[in-house]
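Visitor: Sharing a structure, written as structure tokens. Questions coming.
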Amino acid sequence: MWSGPRTVSTALLRSFCQHSQVVGIDEPFYAYYLQRSGKLHPMRDEVLASQDNVLGDVVVNVLRAECDKPIQYVKHMAHHIFGDEDLSFVNDNDVTNSFLIRHPREMMPSLLRDLGSLEKIDIAYGQQLQLFEQLRAQGKHPVVIDSTKLLADPVSMLPKLCTALGIEFEQQMLEWPVGNHSSYGVWAPAWYGKVMKTDGWRPHVPKVEPFPAELDELLEFAMPAYEQLLEYSL
């Protein structure tokens, strides 16, 4: 699942971890991204210590490793890739690629508050569209789901997503115990506070505050990519 930031990606990971046949993997390229970008994210040192920061080693030791359940659900953050990597693993026979998107007006203001400043690499739309188009050019049909649609009706959208992925939906994906989860990365205390207080899917709350003028240029960049991906969404 190639996610953008602020797309309820952690809640979706948590939901899939409720599935009896699924093991969850949380942001396996985070350390690679921090090492290469030099970004000073919260808990940077802990993240770098907890993961391999060589992308190819992550592919071999995590993404292609044996796991103890039939399905490995991987929460990727699309902004963790730069566009020049060898991502040939996405073409493995047992890999299904999907994309989790959200309207830029809904996503970027809260991300700005957390990071202090934003640039194109931070918002993921360019990386998502590049990978999506590469997969389409190879004859693939990646699944796309919009987080706002998911939040509006998880009872309907989760089964649709599972069907599109070739997975049997399980009712327990709608709820989960409050608190931490073994799939979460070491960075959970810095980023997952809201998710860890939930016990299931919560309704979407539309943004009402004015859109920051300083993000207008990024919005112009993001909207065409978002709209192209939205055309293929469930």
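The values are calculated or read from the model by the stated rules, or taken from the named source; none is laboratory data. What you see is a predicted model, and the numbers here were worked out from it, not measured in a lab. With ideal geometry, Cβ positions are generated from the backbone for all residues, glycine too; neighbour counts draw on all protein chains shown.
Visitor: For the range 181-199, check the following and say yes or no: at least one residue is farther than 24 Å from residue 111 by Cβ, surrounded by 15 or more Cβ atoms within 10 Å (Cβ to Cβ) and not small (Gly, Ala, Ser).
Guide: No; the residues of the range 181-199 include none that is farther than 24 Å from residue 111 by Cβ, surrounded by 15 or more Cβ atoms within 10 Å (Cβ to Cβ) and not small (Gly, Ala, Ser).
Visitor: So, in the range 25-35, exactly how many residues are crowded, with 22+ Cβ neighbours inside 10 Å and either within 12 Å of the chain's Cα centre (by Cα) or of a type outside the set (Ser, Thr, Tyr) (or both)?
Guide: Summing the residues that are crowded, with 22+ Cβ neighbours inside 10 Å and either within 12 Å of the chain's Cα centre (by Cα) or of a type outside the set (Ser, Thr, Tyr) (or both) in the range 25-35 gives 5.
Visitor: Hey, among the residues in the range 91-115 that are of a type in the set (A, V, I, L, M, F, W, C) and buried (at least 18 other Cβ atoms within 10 Å of the Cβ), which one's nearest to residue 141 (Cα to Cα)?
Guide: Among those that are of a type in the set (A, V, I, L, M, F, W, C) and buried (at least 18 other Cβ atoms within 10 Å of the Cβ), it is 99.
Visitor: Which of (1) more than 17 Å from the chain's Cα centre (by Cα); (2) closer than 21 Å to residue 229 by Cα; (3) modelled with pLDDT under 95 does residue 83 not meet, given it meets every other one?
Guide: Single failed check for residue 83: (1).
Visitor: Exactly one condition in (1) assigned to a loop (DSSP other than H, G, I, E, B); (2) farther than 22 Å from residue 176 by Cα; (3) over 18 Å from the mean Cα position of the chain (by Cα); (4) at pLDDT 95 or above is not met by residue 66; state its number.
Guide: (4)
Visitor: So, one more: May I ask you to list pairs of residues, at least six apart or on different chains, whose Cβ atoms are under 8 Å apart, with the first in the range 120-146 being closer than 13 Å to residue 98 by Cα and the second being part of a strand (DSSP E or B) and among the hydroxyl-bearing types (Ser, Thr, Tyr)?
Guide: 142/98; 143/98; 144/98; 144/233; 145/98; 145/233; 146/233
Visitor: So, in the range 184-234, how many residues would count as being touching a Ser or Thr at 6+ places or on another chain (Cβ under 6 Å) and aromatic (Phe, Trp, Tyr)?
Guide: 1
Visitor: If residue 114 meets every condition in (1) touching a residue at least 40 places away in the same chain (Cβ under 8 Å); (2) within 22 Å of residue 215 (Cβ to Cβ); (3) acidic (Asp, Glu) apart from one, which number is that one?
Guide: All conditions are met except number (1).
Visitor: Between a first residue in the range 33-60 that is under 16 Å from residue 89 (Cβ atoms) and a second residue that is not in a helix (DSSP H, G or I), which pairs have beta carbons less than 8 Å apart while being 6 or more apart in sequence or on different chains?
Guide: As it stands, the answer is 55/29; 55/85; 55/86; 56/86; 58/28; 58/29; 58/51; 58/52, since those pairs meet every condition given.
Visitor: Also, quick follow-up: With respect to the numbered conditions (1) surrounded by 13 or more Cβ atoms within 10 Å (Cβ to Cβ); (2) among the small types (Gly, Ala, Ser); (3) over 24 Å from residue 28 (Cα atoms), which one is the sole condition not fulfilled by residue 213?
Guide: Condition not satisfied by residue 213: (1).
Visitor: Do we find a residue being within 18 Å of the chain's Cα centre (by Cα) and under 16 Å from residue 98 (Cβ atoms) anywhere in the range 178-200?
Guide: no
Visitor: Let me ask something additional. Which members of the range 10-24 meet the condition of being among the aliphatic types (A, V, I, L, M) and buried (at least 19 other Cβ atoms within 10 Å of the Cβ)?
Guide: 11, 12, 13, 22
Visitor: Take the residues in the range 36-67 that are within 18 Å of residue 186 (Cα to Cα) and acidic (Asp, Glu); name whichever of them is surrounded by the fewest Cβ atoms within 10 Å (Cβ to Cβ).
Guide: Selected residue: 45.
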